[in-house]
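Any read-out appearing in this document is the output of simple, stated calculations on the displayed coordinates, not a laboratory observation. The shown structure was predicted, so the numbers you read here are calculated from the model rather than taken from an experiment. Counting neighbours? That spans all protein chains shown, and the Cβs are built from the backbone with ideal geometry, glycine included.
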Amino acid sequence: MTYVESYEDTVDASKQSDPMDVWFSSATTPPRAEYIRYCEQWTKLYKVAAEFLGEIILDKKDDIHAYSIEYASGKRIYALLSSPNAFRSKGGKLVLDEFAFHKDPEAMWKAASPTITWGFPARVLSTYNGKGNRYYRMVEDAKKGNKWSLHT
């Protein structure tokens, strides 16, 4: 699913009409590095104008850094570690990868979810990690027909 998501995110950040920043989060470094490599692959395959920024510092004080690609549209894809502080006040598409395995999914969701109220899309991807977590509750809500769209 992360691979497919990387394609969609590359399209969303690079399109000429209404592009958006993409904020991707994973629980550990290897998946975020893999994700950004996928985005680089799509960017090169479709010959999209972009600059591969590598790892950049977003907030020196809180040691928040991200792998990033900046597109000719002016928008970027950011791949960060799971950190509620990193996601506060960020506008753009939200992607939480392997969300059930984030260190503190409740705090992460509280910090990141306002992007939805600002009109940006959110994608929550994960495998299960038991029943006592936010991801499990989100899936159960979707099965009941609540606000989530569930894709398996």
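Full extension of the segment from MET1 to HIS151, taken as 0.36 nm per residue of separation minus the current Cα-Cα distance, would add 53.0 nm.
Rounded to the nearest 5, the antiparallel percentage of DSSP beta bridges internal to segment 1-121 is 60%. Of the cross-linked pairs LYS60/LYS90; LYS44/LYS75; LYS15/LYS147; LYS110/LYS144; LYS90/LYS143; LYS44/LYS103, those separated by over 24 Å at the C-alpha level are LYS15/LYS147; LYS90/LYS143; LYS44/LYS103. Given the alternatives (1) 1.39; (2) 1.01; (3) 1.32, Cα Rg over 2.2 N^0.38 Å as computed for this entry is given by (2). As an exercise, use a Förster radius of 25 Å and the Cβ-Cβ distance of LEU58 and SER113 to find the FRET efficiency, rounded to the nearest 0.05. Calculated transfer efficiency: 0.85.
Under a model in which nothing but the beta-carbon of Lys, Arg (+1) and Asp, Glu (-1) is charged, the chain shows a dipole of about 380 debye around its Cα centre. Placing unit charges on each Cβ (+1 for Lys and Arg, -1 for Asp and Glu) gives the chain a dipole about its Cα centre, and among ILE77, TYR3, SER126 the Cα reaching farthest toward its positive end belongs to SER126. Of all segments of the chain bounded by trypsin sites (Lys or Arg not before Pro) found in a DSSP loop with no more than 12 other C-beta atoms within 10 Å, the longest spans 1-46.
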